[in-house]
Structures are given as structure tokens and as C-alpha cells.
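Encoded as C-alpha cells, the structure appears first; notes follow it.
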Amino acid sequence: MEEKITSAIVDRFFAKFKSALSVDAAIVGAGPSGLIAARDIAAAGASVAIFERKLVPGGGIWGGGMLFNEIVFQESALPILDDFAVKYTCAGDGFYTADAVHVASALIYGATAAGALIFNAVTVEDIVFKDSRVAGVVINWTPVNRLEMHVDPLVVTAKAVLDGTGHPAEIIQTATRKAGIKIDTPTGSVMGEKPMWMESGEASTVDNTRRLYPGLYASGMAANNACGGFRMGPVFGGMFQSGRKIARIILEDINA
Ligand code: 48F
């Protein structure tokens, strides 16, 4: 029995990993925008792999606001939440609330049920840059990175790489620093996240969601960091709409 159990895990994991070595979309970060983008792209029939640094996908959803595990979103986000069968409660004035644990698990389930693969405890530490485009991600196990082991990474190639890493915009920062590229922001470089202004931050998250460079896309707070948008705290409608918008852009590009 011992050998059978181990063999089942190893065989299935490597078959799964092998199927993700070259994908249509590589998504870095399983936060709300990345999970919604993954679900929409996979539901359209394209191949998607999400690489998530933490053991648990879901990003900033789980803790709600200041660990009060409820999140808030606007009426305009309801069609997206309905697609994930999320249960919510009206809070008045066009706002709704939902249990943060329920939302996080619904988005993870929706993305994976649509066919997206999530590789958790995997950190994207670099990009592939060739023929003047971002062409993939360089990955390693998060514990390898955390323990600073001197271990070379492996590579996954992709037609589209989505930075869904949240506030730090790690992939965009790496691309501009190491490849020296000018990205599609007003200054051509990473402009940095501005302080809290909820209305502005919510709108700019969606506006700033875009293709920044051939093969490189931004969603969620990473898009706001790249383009100099305000932060907005625990209101999630903009994140949800950002994920849906970037999926549409990526699907148009990979089908072009
Ligand atoms: O930050 P995060 O939840 O992304 P988001 O979609 O949503 C932001 C909101 O949660 C919240 C907010 C709401 O209004 O402002 O902050 O922009 O999730 C980002 C995920 O990316 C992972 C990280 O662990 C988190 O789960 N991540 C970050 N860098 C890497 C990474 C990396 N280099 N490799 C793999 N995963």
C-alpha cells in the first residue's frame, strides 16, 4: 500500500506539472483578480497555470478588513460573484458583504473547476524574456527561496504572463528592472502605489488593468502599483472586475 499511495501522487503530480510546462496563460498570484482571470480564461478553453507563493491560495481575501472576515463589494460585481455561486448580503447604498472564507474558497473552486491548475507553495522569481516579449516564468519552491538554498529554478513558458501579485507588483518590477523595458504607463516605468482613496482606487484598479508589454499583463493591486493608482482597502469590486477585464484582454491577444 505504501508504494501505491506514493506512486499515485508522484505519477499524477508529474503528469499535471508536465501539462503546464507550456501554457496559454501563466498567472502569478492566486488573489481575487488572478483567480477570476484564471476561471474566465480556462472557461474559454485556454490553458492556465497559477503559481502561488503561499500554501493557501486566496491572497488578501481571507482576512476581510483587519481580520474581521467579511468583505465588501459593489452591485456592479454581482454578475461575477453569481458565476462563482457566491452567497452575499445587501448592506445598503449599493454595497454587499460576503463571508471572506466563503468567497476565497468559492473563487479557488471556480478557477480549478474551470480547468485552471494551481501550483501552490511555488514562487515566481524571474521572467523569461526573449524576442522582445515576456515569454514565461521562472519558478522554484517557496521553501527553497525562503531558506535561501542555492538551487536553480525551472521554467514554464506562456503566451501571456499575468502579474496578479497584489501590492508589490513583483513581476512587473522584475521585468522593468532586469529587462530594461518601457511599459504602458504614463511614464513608461512603474509609478508606485498611492495612499488610500477608496473611490479613486476602485475605479483606477479597473482602468489600470491592461497589457503593459508584449506578453506581460497586470491585474488587481499590481496594476495600480504599475500605473500609480490609489489603494482602497477591503472593498473588492474593483479586484473582481479587474480579473474579468484582464481575462478578456488576454483571450483576445492569444486568439489573435
Ligand atoms: O494581494 P492579492 O490578494 O492580489 P489582488 O488580486 O487583490 C488585492 C486584494 O486582496 C487586497 C486589496 C483589496 O481591495 O487591496 O489586497 O491584487 O494576492 C496576491 C497573491 O500573489 C502571491 C501572494 O502570495 C498572494 O497570494 N504572490 C506574490 N508574489 C508572488 C506570489 C510571486 N513572486 N510568486 C508567486 N506568488
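The values are calculated or read from the model by the stated rules, or taken from the named source; none is laboratory data. All values reported here derive from a predicted model rather than from experimental measurement. Here Cβ is always computed from backbone atoms with ideal geometry, including for glycine, and neighbour counts include all displayed protein chains. In case anyone asks, the SASA skips ligands and DNA or RNA and just uses the protein heavy atoms, side chains included. Shrake-Rupley method; radii C 1.70, N 1.55, O 1.52, S 1.80 Å.
Quick look at the values:
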read-out	value
Index of the failed condition, residue 251 passing every other in (1) of a type in the set (A, V, I, L, M); (2) without any contact (Cβ under 8 Å) to a residue 60 or more places away in the chain; (3) more than 29 Å from residue 63 (Cβ to Cβ)	(2)
Residue within segment 20-33 that is closer than 19 Å to residue 154 by Cβ, open to solvent by 40 Å² or more (accessible area, probe 1.4 Å) and under 21 Å from the mean Cα position of the chain (by Cα) present	yes
Members of segment 223-241 that are within 9 Å of the ligand (Cβ to nearest atom), part of a loop (DSSP other than H, G, I, E, B) and among the small types (Gly, Ala, Ser)	233
Matching residues in segment 115-126 - criterion: being aliphatic (A, V, I, L, M), in a strand (DSSP E or B) and open to solvent by less than 20 Å² (accessible area, probe 1.4 Å)	122, 124
Segment 76-114 - residue that is in a helix (DSSP H, G or I) and polar (S, T, N, Q) and, of those, surrounded by the fewest Cβ atoms within 10 Å (Cβ to Cβ)	76
Count of segment 7-44 residues which are away from the ligand (no atom under 16 Å from the Cβ) and touching a helix residue (DSSP H, G or I) at 6+ places or on another chain (Cβ under 9 Å)	4
Set 155, 235: member being closer than 30 Å to residue 69 by Cα and among the hydrophobic types (A, V, I, L, M, F, W, C)	235
Scan of segment 160-205 for residues that are surrounded by fewer than 20 Cβ atoms within 10 Å (Cβ to Cβ) and part of a strand (DSSP E or B), ordered by number	194, 195, 196
Tally of residues being surrounded by 24 or more Cβ atoms within 10 Å (Cβ to Cβ) and in contact with a Cys (Cβ under 9 Å, 6 or more places away or on another chain) across segment 210-256	2
Of the criteria (1) in contact (Cβ under 8 Å) with a residue 24 or more places away in the chain; (2) under 24 Å from residue 20 (Cβ atoms); (3) not in a strand (DSSP E or B), which one residue 51 fails	(3)
First in segment 140-156 and assigned to a loop (DSSP other than H, G, I, E, B), second anywhere and open to solvent by less than 100 Å² (accessible area, probe 1.4 Å), Cβ under 7 Å, 6 or more apart	151/140; 151/144; 153/125; 153/138; 153/139; 153/140
